[in-house]
Amino acid sequence: MEPLHINGQQIALDPEGYLQNLADWSPEVARQLAHAEGIELQDEHWEIIELLRDFYAEYQLSPAMRILVKQTGIRYGKEKGNSMHLLRLFPGSPAKLASKLAGLPKPSNCL
Amino acid sequence: MILHTVNRAPGSHAALQQCIQALSGPAALLLIEDGVYGATPAFTRLFHRLDGTVHCYVLAADLQARGIDALVDGRFQVIDDAAFVQLSLDCDKMVAWY
Amino acid sequence: MSTPDKQLLVVVGAGPHNATRARDALDLVLTSAAFEIGVGILFRDDAVYQLLPQQQADAIDAKSLAANLQALPLYDVEQLYAPRSALEARGLDPDNLLLPVQLLDDNATAALLHSYGQILSF
Amino acid sequence: MKIAVLVYGSPTASSAAATAYRYARAAIGLGHQITRVFFYGEGVHGASALAAPPQDEVNWGQRWQQLAQEHEIEMIVCIAAALRRGVLNQQEAQRHGKSAANLAAGFELSGLGQLADAALNSDRLITFGG
């Protein structure tokens, strides 16, 4: 996929638009990746992206959907800890899409 | 009853010892692949811990392939592939040690 | 949670850097847990080395299995076991482990194998 | 009886694929059904269509293909383990920008859920370690 251009730097993407190099992630990268998916990031999106980045930093894992829902509830309250909230923010498959925008490794389609 | 299989040679690997340590009867212990070397007399001491409720088997094809079918210790019953299948069905689950 | 005969016991015998065995076992556990299948782990033999705190996998450019293991409680995987003899044989202190594991004597380890519906060993 | 088989060893570095094959054939011969064979860890190498052993040696991948075809056995290859080791179907090759695909016909890439399912929903799960 065409690379992103941020501050004169090229950010390489793989064929599905995931970062080739996870260290390239920045909030601006997330904004541009989201834009390519037709999403304009709002505060509620950033909450999930931050949660995913913290989760990954601590456990070196991308959480499965069920775990993401649970963790969202613990951190941001019950009204957000459900799959409807996540589906509204990240349509289709929320755990996968949000992980992509958060700069986590591409899942192996394992689940 | 649990079927335990061991596929590593006892001379170079601890799988057989580890299996025997975790065994309690009633159980079946089947040696396969390089594990069949464990059925030769040099290793009988490893089996002293087992009581009569642990039945010991060894897979015929793997013995023949290694030229040791004449060396099998009397504790073992030599079985073919079909008997292996039957044994795995007589037991309700298995643990593979490798 | 599923009934005992529908629960899996994943038995792992490899240390954290022995090929991909420890990770393969853990991946199966996490997948099962994500599908809400009841799953326990028996850390046998060298697998107790997985439980050492202060592992620094990045020193050999490896991914940290220890970090992954610490996610187990979040996945509601709380049936964690290790034979006391495996720790003793390796001179490890049972009070200084990464995760709260239930220590078993050899008879209890054998009984544990009998108590699960299915066993998958790595 | 419905029997599932797990192959966890590579066809060159272990006997897992060979022993599992003999077991499966014997089980079918006794009238049992092998529902699924799951290839995990180094076992995924057995699903490469590019293995080209000499003619006087057995190609275990091919033997599995034949057996699966004759007896309608699902042959599932763990996708995560396969991607790590370079065993890819066309779709994954594209997803990952690779120049070739090598998953042999008759094998299917899928997730570990298929192994958990086989463990809980078959009469037996028989593991062949590497």
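The values are calculated or read from the model by the stated rules, or taken from the named source; none is laboratory data. Note that the coordinates shown come from a computational prediction; the quantities given were computed from them, not determined experimentally. Cβ atoms come from the backbone with ideal geometry, glycine included; neighbour counts cover every protein chain shown. Ligands, DNA and RNA are excluded from the accessible area calculation, which covers all protein heavy atoms including side chains. Shrake-Rupley method; radii C 1.70, N 1.55, O 1.52, S 1.80 Å.
From the phi angles alone, apply the Karplus equation (6.51, -1.76, 1.60; θ = phi - 60°) to segment C:56-62 and give each ³J(HN,Hα) in whole Hz, x where the residue is Gly or Pro.
Karplus values, whole Hz, x for Gly and Pro: 10, 4, 5, 4, 10, 6, 9.
Buried accessible area between B and C (1.4 Å probe, both chains summed, ligands and nucleic acids excluded), in Å² to the nearest 100?
1300 Å²
Using a 1.4 angstrom probe on protein heavy atoms only, which residues from segment C:91-122 are buried by at least 30 Å² of accessible area when all chains are present rather than their own chain alone?
In segment C:91-122, residues shielded by partner chains: C:Asp106, C:Ala110, C:Leu113, C:His114, C:Gln118, C:Ile119, C:Leu120, C:Ser121, C:Phe122.
Tell me whether segment C:4-121 comes out rounded, prolate or oblate; compute the Cα gyration tensor, take square roots of the eigenvalues as a ≥ b ≥ c, and use a/c under 1.5 as the rounded threshold.
Oblate, because a/c is 1.5 or more while a/b does not exceed b/c.
Taking 25 Å as R0, compute the FRET efficiency from the Cβ-Cβ separation of C:Asp95 and C:Ser64 and round it to 0.05.
Numbers: r = 22 Å, r/R0 = 0.89.
E(calc), rounded to 0.05, equals 0.65.
Enter the accessible area per residue of chain A (Å², integer; probe 1.4 Å; all protein chains in place). Provide the component values of the computation, followed by the final result.
Values: 5760 Å² over 111 residues.
About 52 Å² of surface per residue is accessible.
In what sequence, largest accessible area first, do B:Leu3, D:Leu50 appear using a 1.4 Å probe?
D:Leu50, B:Leu3
Taking chain B as a Gaussian network, where each spring joins two C-alpha atoms under 10 Å apart, which residue of B:Ala39, B:Ala27, B:Ala83 fluctuates the most?
Ranking B:Ala39, B:Ala27, B:Ala83 by mean-square fluctuation puts B:Ala83 first.
Using a 1.4 Å probe on the protein heavy atoms, what percent of the accessible area of segment A:43-101 belongs to carbon and sulfur?
Carbon and sulfur atoms account for 54 percent of the accessible area of segment A:43-101.
Could you tell me the total accessible area buried at the D-C interface, probe 1.4 Å, in square angstrom to the nearest hundred?
Heavy-atom accessible area buried at this interface is about 1400 Å².
What is the interface area between chains C and A, defined as buried accessible area summed over both chains with a 1.4 Å probe, reported in Å² to the nearest 100?
Chains C and A together bury roughly 1300 Å² of accessible area.
At a threshold of 8 angstrom on Cα-Cα distance, excluding pairs fewer than six apart, so keeping six or more, what relative contact order does chain B reach in percent? Show your work: numbers first, answer last.
On the way: 177 pairs, mean separation 36.8, N = 98.
In percent, rounded to a whole number, it is 38.
Given a 10 angstrom Cα cut-off, can you work out which residue in B:Gly35, B:Gly67, B:Gly25 is the most mobile in a GNM of chain B?
Its mean-square fluctuation being the largest, the pick is B:Gly67.
Please list the non-local residues whose amide H lies under 5 Å from the amide H of D:Leu109, H modeled 1.01 Å from N, same-chain partners needing a gap of 5 or more.
D:Val77
Using only atoms on other chains, find how many Cβ atoms lie within 10 Å of each Cβ of peptide B:13-25 and report the average.
Whole-number average of other-chain Cβ neighbours for B:13-25 is 4.
Tabulate in residue order the Karplus-calculated ³J(HN,Hα) for segment D:101-106, using 6.51 cos²θ - 1.76 cosθ + 1.60 with θ = phi - 60°, rounded to whole Hz; enter x for Gly and Pro.
Values per residue, Gly and Pro as x: 10, 9, 6, 5, 4, x Hz.
Per residue in segment B:43-90, which ones lose no less than 40 Å² of accessible surface when going from chain alone to all protein chains (1.4 Å probe)?
Buried by the other chains: B:Asp81, B:Phe84, B:Val85, B:Ser88, B:Leu89.
Compute the relative contact order of chain D as a whole-number percentage, counting only Cα pairs closer than 8 Å that sit 6 or more residues apart in sequence.
Details: 241 pairs, mean separation 47.9, N = 130.
That works out to 37 percent.
Have a look at D:Gln66, D:Gln114, D:Gln91 and tell me which one the Gaussian network model of chain D (Cα, springs below 10 Å) gives the largest fluctuation.
The residue with the greatest mean-square fluctuation here is D:Gln91.
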